[in-house]
1. Which of the residues belonging to the stretch 306-321 are polar (S, T, N, Q) and closer than 14 Å to residue 381 by Cα?
2. Residues to consider are 254, 275; find the one that is open to solvent by 20 Å² or more (accessible area, probe 1.4 Å) and farther than 21 Å from residue 197 by Cα.
3. Across the stretch 55-99, which residue is surrounded by the fewest Cβ atoms within 10 Å (Cβ to Cβ) among those that are among the acidic types (Asp, Glu) and over 14 Å from the mean Cα position of the chain (by Cα)?
4. If residue 32 passes every condition in (1) modelled with pLDDT of 95 or more; (2) open to solvent by 10 Å² or more (accessible area, probe 1.4 Å); (3) outside any helix (DSSP H, G or I) but one, which one does it miss?
5. Filter the stretch 154-166 for residues that are assigned to a loop (DSSP other than H, G, I, E, B) and within 11 Å of the ligand (Cβ to nearest atom); which is surrounded by the fewest Cβ atoms within 10 Å (Cβ to Cβ)?
6. If you take the residues in the stretch 292-308 that are outside any strand (DSSP E or B) and open to solvent by 40 Å² or more (accessible area, probe 1.4 Å), which one is farthest from residue 329 (Cα to Cα)?
7. Which residues, counting only those in the stretch 87-98, are out of contact with any Pro (no Cβ under 7 Å at 6 or more places or on another chain) and over 23 Å from residue 127 (Cα atoms)?
8. Might you let me know whether the stretch 386-396 holds any residue that is in contact with a strand residue (DSSP E or B) (Cβ under 6 Å, 6 or more places away or on another chain), farther than 17 Å from residue 30 by Cβ and of a type outside the set (A, V, I, L, M)?
Amino acid sequence: MSDVRSRYTDGLKFYGTHSPRELLDTYGSPLYVYNEAVLRDRCRRLKNLSSHPGFGVNYSVKANANPTLLRIIREEGLVVDAMSPGEIYMDKLAGFSSDQILYIANNISQEEMRHALDEGLLISVDSLSQIETLGRINGGGKIMVRFNPGIGAGHHQKVVTAGKETKFGVTPDLLDDVLALLKKYNMTLAGINQHIGSLFMEADGYIEAAKVLLHLADRLPADVFSTLEIIDFGGGPGIPYHKYDGEAPLDMDRFGKLLHELMTEWSARTGYQGRFLIEPGRFVVAECGVILTGVNNVKYNGPNCYVGTDVGFNVLARPAMYDSFHDMEIYAGPAGMADRAEKEQTIVGNICESGDILAKKRLLPAMHEGDVLGILDAGAYGFSMSSSYTQRCRSAEVLIDLDGKARLIRRRETPEDLARQYEGLL
Ligand code: LLP
(Lines give C-alpha, C1' and ligand atoms only; values in the text may rest on other atoms or scores of the structure.)
Protein backbone atom coordinates (compact mmCIF):
# COMPACT_ATOMS: atom_id res chain seq x y z
CA MET A 1 0.00 0.00 0.00
CA SER A 2 1.32 3.40 -0.86
CA ASP A 3 2.01 5.57 2.18
CA VAL A 4 2.69 9.30 2.75
CA ARG A 5 5.96 9.01 0.87
CA SER A 6 6.97 5.46 0.08
CA ARG A 7 7.03 5.11 -3.69
CA TYR A 8 10.71 4.17 -3.84
CA THR A 9 10.71 1.29 -1.35
CA ASP A 10 7.22 0.19 -2.47
CA GLY A 11 8.61 -0.21 -5.99
CA LEU A 12 11.37 -2.48 -4.71
CA LYS A 13 9.23 -4.33 -2.14
CA PHE A 14 12.12 -3.32 0.05
CA TYR A 15 10.60 -4.50 3.33
CA GLY A 16 9.46 -7.83 1.87
CA THR A 17 6.53 -9.30 3.73
CA HIS A 18 6.87 -6.76 6.55
CA SER A 19 5.85 -3.17 7.12
CA PRO A 20 8.33 -0.59 8.41
CA ARG A 21 6.25 -0.13 11.56
CA GLU A 22 6.13 -3.83 12.28
CA LEU A 23 9.92 -4.01 11.90
CA LEU A 24 10.37 -1.14 14.35
CA ASP A 25 7.91 -2.72 16.79
CA THR A 26 9.77 -6.02 16.62
CA TYR A 27 13.37 -4.86 16.64
CA GLY A 28 13.23 -1.39 18.19
CA SER A 29 14.33 2.02 16.99
CA PRO A 30 16.53 3.10 15.35
CA LEU A 31 16.94 0.12 13.05
CA TYR A 32 19.18 -0.58 10.10
CA VAL A 33 17.28 -2.66 7.53
CA TYR A 34 19.05 -4.24 4.53
CA ASN A 35 17.56 -5.86 1.48
CA GLU A 36 19.38 -8.93 0.16
CA ALA A 37 18.02 -8.71 -3.39
CA VAL A 38 19.29 -5.15 -3.78
CA LEU A 39 22.70 -6.11 -2.38
CA ARG A 40 23.08 -9.05 -4.76
CA ASP A 41 21.96 -6.91 -7.67
CA ARG A 42 24.65 -4.29 -6.99
CA CYS A 43 27.34 -6.96 -6.73
CA ARG A 44 26.26 -8.34 -10.10
CA ARG A 45 26.17 -4.94 -11.77
CA LEU A 46 29.77 -4.41 -10.73
CA LYS A 47 30.94 -7.85 -11.79
CA ASN A 48 29.24 -7.36 -15.14
CA LEU A 49 31.18 -4.17 -15.87
CA SER A 50 33.71 -6.19 -17.82
CA SER A 51 34.19 -9.70 -19.14
CA HIS A 52 37.95 -9.24 -19.23
CA PRO A 53 39.32 -12.50 -17.76
CA GLY A 54 41.45 -10.71 -15.16
CA PHE A 55 38.72 -8.32 -14.02
CA GLY A 56 37.44 -8.54 -10.46
CA VAL A 57 35.64 -6.51 -7.82
CA ASN A 58 37.35 -5.85 -4.50
CA TYR A 59 34.68 -4.73 -2.03
CA SER A 60 35.93 -2.05 0.36
CA VAL A 61 34.74 -3.34 3.71
CA LYS A 62 34.90 0.02 5.48
CA ALA A 63 31.53 0.87 3.91
CA ASN A 64 29.81 -1.92 5.84
CA ALA A 65 31.45 -4.79 7.68
CA ASN A 66 28.43 -6.77 8.83
CA PRO A 67 29.57 -10.41 8.41
CA THR A 68 26.19 -11.56 7.09
CA LEU A 69 26.37 -8.97 4.32
CA LEU A 70 30.01 -9.91 3.73
CA ARG A 71 28.98 -13.53 3.31
CA ILE A 72 26.46 -12.58 0.62
CA ILE A 73 29.10 -10.45 -1.08
CA ARG A 74 31.48 -13.43 -1.01
CA GLU A 75 28.81 -15.68 -2.50
CA GLU A 76 28.51 -13.19 -5.33
CA GLY A 77 32.19 -13.69 -6.13
CA LEU A 78 33.68 -10.43 -4.90
CA VAL A 79 36.93 -10.27 -2.97
CA VAL A 80 37.57 -7.71 -0.22
CA ASP A 81 39.96 -5.04 0.91
CA ALA A 82 40.64 -4.56 4.59
CA MET A 83 42.37 -1.71 6.36
CA SER A 84 42.40 -2.72 10.03
CA PRO A 85 42.78 -5.86 12.14
CA GLY A 86 39.05 -5.64 12.88
CA GLU A 87 38.18 -5.72 9.20
CA ILE A 88 40.46 -8.72 8.66
CA TYR A 89 38.64 -10.43 11.50
CA MET A 90 35.20 -9.73 10.02
CA ASP A 91 36.33 -10.80 6.54
CA LYS A 92 37.57 -14.12 7.86
CA LEU A 93 34.41 -14.56 9.93
CA ALA A 94 32.49 -14.21 6.68
CA GLY A 95 34.59 -16.95 5.10
CA PHE A 96 37.03 -15.00 2.94
CA SER A 97 40.38 -16.76 2.60
CA SER A 98 43.68 -14.91 2.93
CA ASP A 99 44.16 -14.74 -0.83
CA GLN A 100 40.77 -13.03 -1.12
CA ILE A 101 41.74 -10.17 1.19
CA LEU A 102 44.03 -7.28 0.28
CA TYR A 103 45.36 -5.15 3.09
CA ILE A 104 45.25 -1.54 1.90
CA ALA A 105 47.17 0.17 4.66
CA ASN A 106 47.78 3.78 5.60
CA ASN A 107 50.20 4.83 8.36
CA ILE A 108 50.27 1.50 10.12
CA SER A 109 52.69 0.26 12.74
CA GLN A 110 55.18 -2.52 12.28
CA GLU A 111 53.08 -4.66 14.63
CA GLU A 112 50.02 -4.18 12.46
CA MET A 113 52.00 -5.13 9.36
CA ARG A 114 53.21 -8.23 11.12
CA HIS A 115 49.66 -9.13 12.06
CA ALA A 116 48.49 -8.79 8.44
CA LEU A 117 51.45 -10.92 7.30
CA ASP A 118 50.64 -13.56 9.92
CA GLU A 119 47.10 -13.57 8.53
CA GLY A 120 48.63 -14.37 5.14
CA LEU A 121 47.69 -11.10 3.45
CA LEU A 122 49.34 -9.12 0.72
CA ILE A 123 49.89 -5.57 2.00
CA SER A 124 49.67 -2.36 0.03
CA VAL A 125 51.74 0.44 1.57
CA ASP A 126 51.70 4.05 0.48
CA SER A 127 54.94 5.79 1.37
CA LEU A 128 58.66 5.23 1.02
CA SER A 129 59.04 4.90 4.75
CA GLN A 130 56.27 2.30 5.00
CA ILE A 131 58.01 0.33 2.22
CA GLU A 132 61.13 0.40 4.42
CA THR A 133 59.15 -0.80 7.43
CA LEU A 134 57.61 -3.68 5.52
CA GLY A 135 60.96 -4.46 3.90
CA ARG A 136 62.59 -4.75 7.32
CA ILE A 137 60.09 -7.32 8.56
CA ASN A 138 59.29 -9.09 5.30
CA GLY A 139 62.42 -8.83 3.19
CA GLY A 140 62.27 -11.14 0.17
CA GLY A 141 58.45 -11.10 0.32
CA LYS A 142 55.69 -9.60 -1.78
CA ILE A 143 54.45 -6.04 -1.57
CA MET A 144 51.88 -3.77 -3.19
CA VAL A 145 52.42 -0.04 -3.50
CA ARG A 146 49.69 2.58 -3.60
CA PHE A 147 50.38 5.45 -5.94
CA ASN A 148 48.84 8.88 -6.03
CA PRO A 149 47.92 9.70 -9.61
CA GLY A 150 47.61 13.40 -8.88
CA ILE A 151 43.93 13.41 -9.86
CA GLY A 152 41.52 13.55 -6.95
CA ALA A 153 37.73 13.35 -6.92
CA GLY A 154 34.96 13.08 -4.38
CA HIS A 155 31.67 14.40 -3.02
CA HIS A 156 33.43 16.39 -0.29
CA GLN A 157 36.97 17.61 0.31
CA LYS A 158 37.16 15.18 3.22
CA VAL A 159 36.87 12.16 0.92
CA VAL A 160 39.20 13.21 -1.92
CA THR A 161 42.15 10.86 -1.58
CA ALA A 162 44.54 11.78 -4.37
CA GLY A 163 46.30 14.94 -5.43
CA LYS A 164 48.81 16.97 -3.45
CA GLU A 165 46.42 18.03 -0.68
CA THR A 166 46.05 14.50 0.66
CA LYS A 167 48.12 12.15 2.80
CA PHE A 168 47.70 9.19 0.48
CA GLY A 169 49.90 7.35 -1.95
CA VAL A 170 53.37 7.68 -3.42
CA THR A 171 53.62 10.25 -6.19
CA PRO A 172 54.80 8.78 -9.52
CA ASP A 173 57.92 10.98 -9.55
CA LEU A 174 59.23 8.82 -6.68
CA LEU A 175 59.09 5.62 -8.73
CA ASP A 176 62.88 5.29 -8.87
CA ASP A 177 63.07 5.53 -5.07
CA VAL A 178 60.38 2.87 -4.78
CA LEU A 179 62.31 0.58 -7.12
CA ALA A 180 65.54 1.15 -5.19
CA LEU A 181 63.84 0.18 -1.92
CA LEU A 182 62.32 -2.93 -3.48
CA LYS A 183 65.82 -3.93 -4.59
CA LYS A 184 67.32 -3.14 -1.19
CA TYR A 185 64.90 -5.51 0.52
CA ASN A 186 64.66 -7.98 -2.35
CA MET A 187 60.90 -7.52 -2.47
CA THR A 188 58.58 -8.52 -5.28
CA LEU A 189 56.19 -5.86 -6.49
CA ALA A 190 53.03 -7.97 -6.70
CA GLY A 191 50.64 -5.11 -7.19
CA ILE A 192 50.02 -1.43 -7.63
CA ASN A 193 46.91 0.40 -6.58
CA GLN A 194 45.31 3.79 -6.10
CA HIS A 195 42.09 5.36 -4.87
CA ILE A 196 41.27 8.85 -6.06
CA GLY A 197 38.25 9.51 -3.89
CA SER A 198 34.69 8.66 -3.09
CA LEU A 199 31.56 9.19 -5.16
CA PHE A 200 31.86 9.93 -8.84
CA MET A 201 28.76 10.03 -11.05
CA GLU A 202 30.67 10.31 -14.36
CA ALA A 203 33.25 7.69 -15.27
CA ASP A 204 35.70 9.97 -17.09
CA GLY A 205 37.85 11.17 -14.16
CA TYR A 206 38.21 7.62 -12.88
CA ILE A 207 39.23 6.36 -16.31
CA GLU A 208 41.77 9.18 -16.69
CA ALA A 209 43.26 8.28 -13.32
CA ALA A 210 43.32 4.59 -14.30
CA LYS A 211 45.33 5.58 -17.37
CA VAL A 212 47.84 7.35 -15.12
CA LEU A 213 48.29 4.16 -13.10
CA LEU A 214 48.76 2.09 -16.26
CA HIS A 215 51.24 4.63 -17.55
CA LEU A 216 53.16 4.14 -14.36
CA ALA A 217 53.08 0.37 -14.90
CA ASP A 218 54.50 1.06 -18.39
CA ARG A 219 57.49 2.67 -16.72
CA LEU A 220 58.37 -0.38 -14.63
CA PRO A 221 61.53 -2.24 -15.65
CA ALA A 222 60.72 -5.51 -17.43
CA ASP A 223 61.83 -7.73 -14.55
CA VAL A 224 59.58 -5.83 -12.11
CA PHE A 225 56.68 -5.67 -14.55
CA SER A 226 56.81 -9.42 -15.04
CA THR A 227 55.98 -10.07 -11.36
CA LEU A 228 52.98 -7.77 -11.29
CA GLU A 229 49.81 -9.72 -10.40
CA ILE A 230 47.35 -7.00 -9.42
CA ILE A 231 46.46 -3.57 -10.71
CA ASP A 232 43.77 -2.04 -8.53
CA PHE A 233 42.17 1.18 -9.79
CA GLY A 234 40.40 1.96 -6.52
CA GLY A 235 36.82 2.68 -5.57
CA GLY A 236 34.48 5.60 -5.82
CA PRO A 237 31.48 4.76 -8.05
CA GLY A 238 28.58 6.78 -6.75
CA ILE A 239 24.88 6.23 -6.22
CA PRO A 240 22.04 8.72 -6.71
CA TYR A 241 21.15 9.96 -3.23
CA HIS A 242 18.42 12.30 -4.51
CA LYS A 243 15.98 9.46 -5.10
CA TYR A 244 12.80 11.55 -5.14
CA ASP A 245 14.29 14.17 -7.45
CA GLY A 246 14.97 11.52 -10.06
CA GLU A 247 18.75 11.94 -9.93
CA ALA A 248 20.37 9.92 -12.72
CA PRO A 249 22.46 6.95 -11.64
CA LEU A 250 26.02 6.39 -12.79
CA ASP A 251 25.93 5.10 -16.36
CA MET A 252 27.28 1.60 -15.72
CA ASP A 253 27.20 0.61 -19.40
CA ARG A 254 29.46 3.47 -20.32
CA PHE A 255 31.69 2.99 -17.27
CA GLY A 256 32.01 -0.71 -18.09
CA LYS A 257 32.72 -0.07 -21.76
CA LEU A 258 35.46 2.47 -21.04
CA LEU A 259 37.04 0.28 -18.37
CA HIS A 260 36.85 -2.85 -20.49
CA GLU A 261 38.43 -1.15 -23.48
CA LEU A 262 41.20 0.30 -21.36
CA MET A 263 42.08 -3.04 -19.72
CA THR A 264 41.79 -5.01 -22.95
CA GLU A 265 43.87 -2.67 -25.08
CA TRP A 266 46.52 -2.18 -22.46
CA SER A 267 46.97 -5.85 -21.65
CA ALA A 268 47.10 -6.70 -25.37
CA ARG A 269 49.84 -4.11 -25.81
CA THR A 270 51.88 -5.03 -22.75
CA GLY A 271 51.26 -8.76 -22.44
CA TYR A 272 49.97 -8.29 -18.87
CA GLN A 273 48.08 -11.37 -17.72
CA GLY A 274 47.39 -10.49 -14.11
CA ARG A 275 44.27 -9.21 -12.41
CA PHE A 276 42.58 -5.84 -12.66
CA LEU A 277 40.51 -4.80 -9.68
CA ILE A 278 38.14 -2.02 -8.88
CA GLU A 279 37.56 -1.30 -5.19
CA PRO A 280 34.06 0.00 -4.56
CA GLY A 281 32.45 0.30 -1.15
CA ARG A 282 29.47 2.62 -1.43
CA PHE A 283 28.09 1.24 -4.70
CA VAL A 284 27.91 -2.28 -3.25
CA VAL A 285 26.00 -1.53 -0.07
CA ALA A 286 24.56 2.01 0.04
CA GLU A 287 21.26 1.35 -1.66
CA CYS A 288 20.50 -1.92 0.12
CA GLY A 289 20.22 -0.13 3.48
CA VAL A 290 17.53 2.03 5.10
CA ILE A 291 17.40 3.36 8.66
CA LEU A 292 13.97 3.25 10.28
CA THR A 293 13.12 5.52 13.17
CA GLY A 294 10.05 6.90 14.84
CA VAL A 295 9.09 10.58 14.91
CA ASN A 296 9.21 11.35 18.63
CA ASN A 297 8.54 15.05 18.56
CA VAL A 298 7.40 17.87 16.29
CA LYS A 299 8.02 21.38 17.56
CA TYR A 300 8.52 24.98 16.48
CA ASN A 301 11.31 27.31 17.52
CA GLY A 302 9.94 30.51 16.07
CA PRO A 303 9.19 29.83 12.43
CA ASN A 304 11.39 26.73 12.30
CA CYS A 305 9.76 23.34 12.45
CA TYR A 306 11.89 20.61 14.04
CA VAL A 307 11.09 16.93 13.64
CA GLY A 308 12.81 14.97 16.40
CA THR A 309 13.97 11.37 15.94
CA ASP A 310 16.44 9.04 17.60
CA VAL A 311 18.80 9.10 14.61
CA GLY A 312 21.54 11.34 15.91
CA PHE A 313 24.96 11.54 14.32
CA ASN A 314 25.90 8.61 16.52
CA VAL A 315 23.59 6.54 14.28
CA LEU A 316 24.26 8.23 10.91
CA ALA A 317 27.30 10.50 10.84
CA ARG A 318 27.24 11.48 7.15
CA PRO A 319 24.91 14.51 7.25
CA ALA A 320 26.73 16.11 10.20
CA MET A 321 30.15 15.21 8.86
CA TYR A 322 29.85 16.01 5.16
CA ASP A 323 26.50 17.78 4.85
CA SER A 324 25.41 14.67 2.99
CA PHE A 325 21.93 14.38 1.59
CA HIS A 326 19.85 11.28 2.34
CA ASP A 327 16.36 11.13 0.93
CA MET A 328 13.55 10.25 3.31
CA GLU A 329 10.32 8.35 3.27
CA ILE A 330 7.40 8.82 5.63
CA TYR A 331 5.07 6.07 6.77
CA ALA A 332 1.96 7.37 8.49
CA GLY A 333 1.35 6.87 12.18
CA PRO A 334 -1.85 7.47 14.13
CA ALA A 335 -2.28 10.87 12.44
CA GLY A 336 -3.17 9.03 9.23
CA MET A 337 -2.92 10.56 5.81
CA ALA A 338 -4.62 13.88 6.51
CA ASP A 339 -2.73 17.16 6.94
CA ARG A 340 0.28 16.25 4.85
CA ALA A 341 0.88 19.42 2.88
CA GLU A 342 4.56 19.89 2.09
CA LYS A 343 6.48 22.25 4.30
CA GLU A 344 10.04 22.96 5.37
CA GLN A 345 11.08 20.76 8.25
CA THR A 346 14.45 20.28 9.91
CA ILE A 347 14.92 16.66 10.88
CA VAL A 348 17.17 16.16 13.87
CA GLY A 349 18.45 13.52 16.24
CA ASN A 350 18.63 13.27 20.01
CA ILE A 351 22.26 14.27 20.59
CA CYS A 352 23.11 17.35 22.68
CA GLU A 353 24.74 19.30 19.84
CA SER A 354 23.12 21.80 17.53
CA GLY A 355 24.93 20.19 14.57
CA ASP A 356 22.90 17.04 15.13
CA ILE A 357 20.91 17.55 11.94
CA LEU A 358 19.84 14.90 9.47
CA ALA A 359 18.21 17.26 7.01
CA LYS A 360 18.01 21.04 7.16
CA LYS A 361 14.84 22.85 6.12
CA ARG A 362 13.84 19.95 3.91
CA LEU A 363 10.62 20.35 1.94
CA LEU A 364 8.64 17.22 2.79
CA PRO A 365 5.05 16.25 3.57
CA ALA A 366 4.24 17.42 7.09
CA MET A 367 5.31 14.87 9.67
CA HIS A 368 3.52 14.04 12.89
CA GLU A 369 4.42 12.31 16.09
CA GLY A 370 4.09 8.58 15.73
CA ASP A 371 5.05 8.53 12.05
CA VAL A 372 7.83 6.24 10.96
CA LEU A 373 10.67 7.75 8.97
CA GLY A 374 12.87 5.83 6.51
CA ILE A 375 16.30 7.27 5.77
CA LEU A 376 17.35 5.94 2.40
CA ASP A 377 20.73 4.83 1.05
CA ALA A 378 22.15 4.28 4.50
CA GLY A 379 23.84 0.93 3.82
CA ALA A 380 27.27 2.46 3.15
CA TYR A 381 29.16 4.41 5.82
CA GLY A 382 26.05 4.24 7.98
CA PHE A 383 26.37 1.59 10.63
CA SER A 384 30.13 1.31 10.03
CA MET A 385 30.60 4.94 11.10
CA SER A 386 28.13 4.82 13.97
CA SER A 387 29.29 5.24 17.55
CA SER A 388 28.14 4.98 21.12
CA TYR A 389 28.52 8.73 21.78
CA THR A 390 26.47 9.73 24.82
CA GLN A 391 26.49 6.03 25.74
CA ARG A 392 23.67 5.32 23.35
CA CYS A 393 23.76 1.74 22.23
CA ARG A 394 24.39 1.01 18.58
CA SER A 395 21.38 -0.10 16.56
CA ALA A 396 20.25 -3.54 15.61
CA GLU A 397 20.59 -4.61 11.96
CA VAL A 398 18.03 -6.69 10.10
CA LEU A 399 18.18 -8.36 6.70
CA ILE A 400 15.16 -8.83 4.46
CA ASP A 401 16.08 -12.05 2.69
CA LEU A 402 15.16 -13.18 -0.82
CA ASP A 403 11.86 -14.59 0.49
CA GLY A 404 10.96 -11.23 1.98
CA LYS A 405 11.49 -12.43 5.55
CA ALA A 406 13.26 -10.34 8.18
CA ARG A 407 16.23 -11.79 10.03
CA LEU A 408 18.23 -10.17 12.81
CA ILE A 409 21.87 -9.88 11.68
CA ARG A 410 23.19 -7.78 14.56
CA ARG A 411 21.77 -7.50 18.03
CA ARG A 412 21.16 -4.04 19.44
CA GLU A 413 23.89 -3.15 21.90
CA THR A 414 22.99 -2.94 25.57
CA PRO A 415 24.47 -0.79 28.33
CA GLU A 416 26.02 -4.04 29.59
CA ASP A 417 27.83 -4.37 26.24
CA LEU A 418 29.18 -0.86 26.68
CA ALA A 419 30.25 -1.61 30.25
CA ARG A 420 32.02 -4.86 29.38
CA GLN A 421 35.32 -3.11 28.61
CA TYR A 422 35.43 -1.77 32.16
CA GLU A 423 34.83 -5.15 33.77
CA GLY A 424 37.37 -5.86 36.48
CA LEU A 425 38.81 -2.36 36.19
CA LEU A 426 36.50 -0.44 38.49
N1 LLP B 1 39.56 2.01 -1.45
C2 LLP B 1 40.14 2.81 -0.56
C3 LLP B 1 41.58 2.74 -0.34
C4 LLP B 1 39.35 3.72 0.17
O5 LLP B 1 39.93 4.52 1.05
C6 LLP B 1 37.96 3.76 -0.05
C7 LLP B 1 37.12 4.69 0.70
C8 LLP B 1 37.41 2.87 -0.98
C9 LLP B 1 38.24 2.02 -1.67
C10 LLP B 1 35.94 2.81 -1.27
O11 LLP B 1 35.41 4.00 -1.73
P12 LLP B 1 33.88 4.09 -2.21
O13 LLP B 1 33.71 3.17 -3.39
O14 LLP B 1 33.02 3.66 -1.09
O15 LLP B 1 33.68 5.50 -2.58
N16 LLP B 1 32.72 8.03 4.79
C17 LLP B 1 32.63 8.66 3.49
C18 LLP B 1 33.37 7.91 2.42
C19 LLP B 1 34.81 7.64 2.79
C20 LLP B 1 35.53 6.80 1.82
C21 LLP B 1 36.85 6.40 2.36
N22 LLP B 1 37.58 5.54 1.52
C23 LLP B 1 31.16 8.85 3.15
O24 LLP B 1 30.32 8.50 3.96
O25 LLP B 1 30.84 9.36 2.09
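The values are calculated or read from the model by the stated rules, or taken from the named source; none is laboratory data. Being a predicted model, the structure only gives us computed values, none of them experimental. Counting neighbours? That spans all protein chains shown, and the Cβs are built from the backbone with ideal geometry, glycine included. Surface accessibility is based on the protein's heavy atoms, side chains included, excluding ligands, DNA and RNA. Shrake-Rupley method; radii C 1.70, N 1.55, O 1.52, S 1.80 Å.
1. Matches in the stretch 306-321: 314 only.
2. That would be 275, the only listed residue that is open to solvent by 20 Å² or more (accessible area, probe 1.4 Å) and farther than 21 Å from residue 197 by Cα.
3. Looking at the filtered set, the residue picked out is 99.
4. (2)
5. 156
6. 302
7. Across the stretch 87-98, the qualifying residues are 89, 91, 92, 95, 96, 97, 98.
8. Checking the stretch 386-396: not a single residue is in contact with a strand residue (DSSP E or B) (Cβ under 6 Å, 6 or more places away or on another chain), farther than 17 Å from residue 30 by Cβ and of a type outside the set (A, V, I, L, M).
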